[in-house]
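Participant: Provided herewith is a single structure, encoded as structure tokens, for subsequent inquiry.
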Amino acid sequence: MTSQATRRSAVVTGASSGIGAATARALAEAGYAVWCAARRSDRIEALAAEIGGTAVTCDVTSPESVAELAAAVGDSLNVLVNNAGGAFGLEPVAEADPEEWRRMFDVNVLGLLHVTQALLPALRAGGDGLIVNVGSTAGRIAYEGGAGYTAAKHGTQVVTETLRLELVGEPIRISEIAPGMVRTDEFALVRFEGDRSRADAVYAGVAEPLVAEDVADAIAWIATRPSHVNIDELVIKPRAQAAQHKVHRE
Ligand code: 8X3
């Protein structure tokens, strides 16, 4: 067992549920000391206790809150998983609520910016850094009703590419993982403001959507490649999803 002092460290945002919680578990399993960051303290405290990590209550949309995360993490960090994000609403452009778009840009793009800016010094100091941004297939395509979310996730994608250009020559790898259909407890439920039947309809008839653990496993794989290997982007979908609109339903 590696001692705490020499263990590689990771921060996972949005660690209170879904892909974030599963990623925190997968990285702990891979030997990382994991900082579990999210707004819901009770959930991340339980998770941190389970995996031997540390909980830090953090709202990525608040620079002050993110500064507290950076202060807790300290001088050195190896892996940052910018996972906090989400979709709100599915209205066509003609009827979309600008406030929902603002919230989506806030969490999926500006949140990523705040956390990345705050933790870059520690990633540099760690000497072998990795940033994994959790994007989406929604950052590759367009679909009806999705413009606010797809615009935000295209933002995640382009910020990732830009960062890779800007940091070349530094000991920091930059990756994006872009999941398609992943059945988590909250993603669709949050999108439809708790409407269970609309949320369930997203996955109706799909025998095996991805689950959070599938994505977490891929993130842990990215993190455990040798330091000179940068996985630029990894698109991951269930076998039943050939393309955004081409989903096999039984
Ligand atoms: C989630 C994928 O298809 O709901 O990031 O936009 S989708």
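Participant: Between 227, 17, 65, where does the largest GNM mean-square fluctuation fall for the chain, given springs only between Cα atoms within less than 10 Å?
Facilitator: Of 227, 17, 65, the most mobile in the Gaussian network model is 227.
Participant: To the nearest 0.05, how large is the calculated FRET efficiency for residue 41 and residue 243 if R₀ is 45 Å and r is the Cβ-Cβ distance?
Facilitator: My answer for the efficiency is 0.70.
Participant: What nm value, rounded to one decimal, do you get for the distance between residue 143 and residue 161 when each label is placed 7 Å out toward the C-beta?
Facilitator: 2.2 nm
Participant: So, with a 1.4 angstrom probe, what is the percent of accessible area on region 9-247 that is carbon and sulfur?
Facilitator: Its accessible area is 53 percent carbon and sulfur atoms.
Participant: Right, something else. Please find the FRET efficiency linking residue 170 to residue 113, where r is the Cβ-Cβ separation and R0 is fixed at 30 Å, and quote it to the nearest 0.05.
Facilitator: Values: r = 18 Å, r/R0 = 0.59.
Once the sixth-power term is evaluated, E becomes 0.95.
Participant: Here is a follow-up. Where is the GNM fluctuation largest for the chain (alpha-carbon springs, 10 angstrom cutoff): 103, 198, 124?
Facilitator: With Cα springs under 10 Å in the chain, the top fluctuation among 103, 198, 124 is at 198.
Participant: Can you tell me the alpha carbon radius of gyration of region 1-94 divided by the globular rule-of-thumb value 2.2 N^0.38 Å? Each step should come with its number before you reach the end.
Facilitator: Values: Rg = 14.2 Å, N = 94, 2.2 N^0.38 = 12.4 Å.
Against the compact-globule rule of thumb, the ratio is 1.15.
Participant: Full extension from residue 76 to residue 195: what is 0.36 nm times the residue separation minus their Cα-Cα distance, to one decimal in nm?
Facilitator: Length difference between fully extended and current span is 38.6 nm.
Participant: Sticking with this structure for a sec: Restricting to region 9-247, compute how many DSSP beta bridges are antiparallel as a %, nearest 5.
Facilitator: 5 percent
Participant: Mind listing P(r) for region 89-181? All alpha-carbon pairs, 5 Å bins, whole percents.
Facilitator: 3, 14, 22, 22, 15, 11, 7, 4, 2, 0
Participant: Let me know the charge dipole size of the chain about its Cα centre in debye, to the nearest 20, where only the beta-carbon of Lys, Arg (+1) and Asp, Glu (-1) is charged.
Facilitator: 540 debye
Participant: Here is a further query. Under 14 Å from a label point 7 Å along Cα→Cβ of residue 235: give me every residue in region 132-147 with its amide N that close.
Facilitator: 135-143
Participant: Report the per residue volume, in Å³, of the convex hull enclosing the C-alpha atoms of the chain.
Facilitator: Convex hull of Cα atoms, per residue: 123 Å³.
Participant: At q = 0.19 Å⁻¹, what is the base-10 log of I(q)/I(0) for region 76-143 according to the Debye formula with one equal point scatterer per Cα and no solvent? Please give it to two decimals.
Facilitator: With no solvent term, the Cα-only Debye profile gives -0.79.
Participant: Follow-up question, since we're still on this one. May I ask you to rank 245, 114, 228 by accessible area, largest first, using a 1.4 Å probe over the protein chains only?
Facilitator: I get 228, 245, 114, largest accessible area first.
Participant: Can you tell me which of 151, 204, 122 moves the most in a GNM of the chain? Springs connect C-alpha atoms under 10 Å apart.
Facilitator: The residue with the greatest mean-square fluctuation here is 204.
The values are calculated or read from the model by the stated rules, or taken from the named source; none is laboratory data. Since we're looking at a predicted model, the values are computed, not measured. As a convention, Cβ positions derive from the backbone with ideal geometry for all residues, glycine included, and neighbour counts pool all protein chains shown. The protein model used for the area step is the full one, side chains on, heavy atoms only, and it has no ligands, DNA or RNA in it. Shrake-Rupley method; radii C 1.70, N 1.55, O 1.52, S 1.80 Å.
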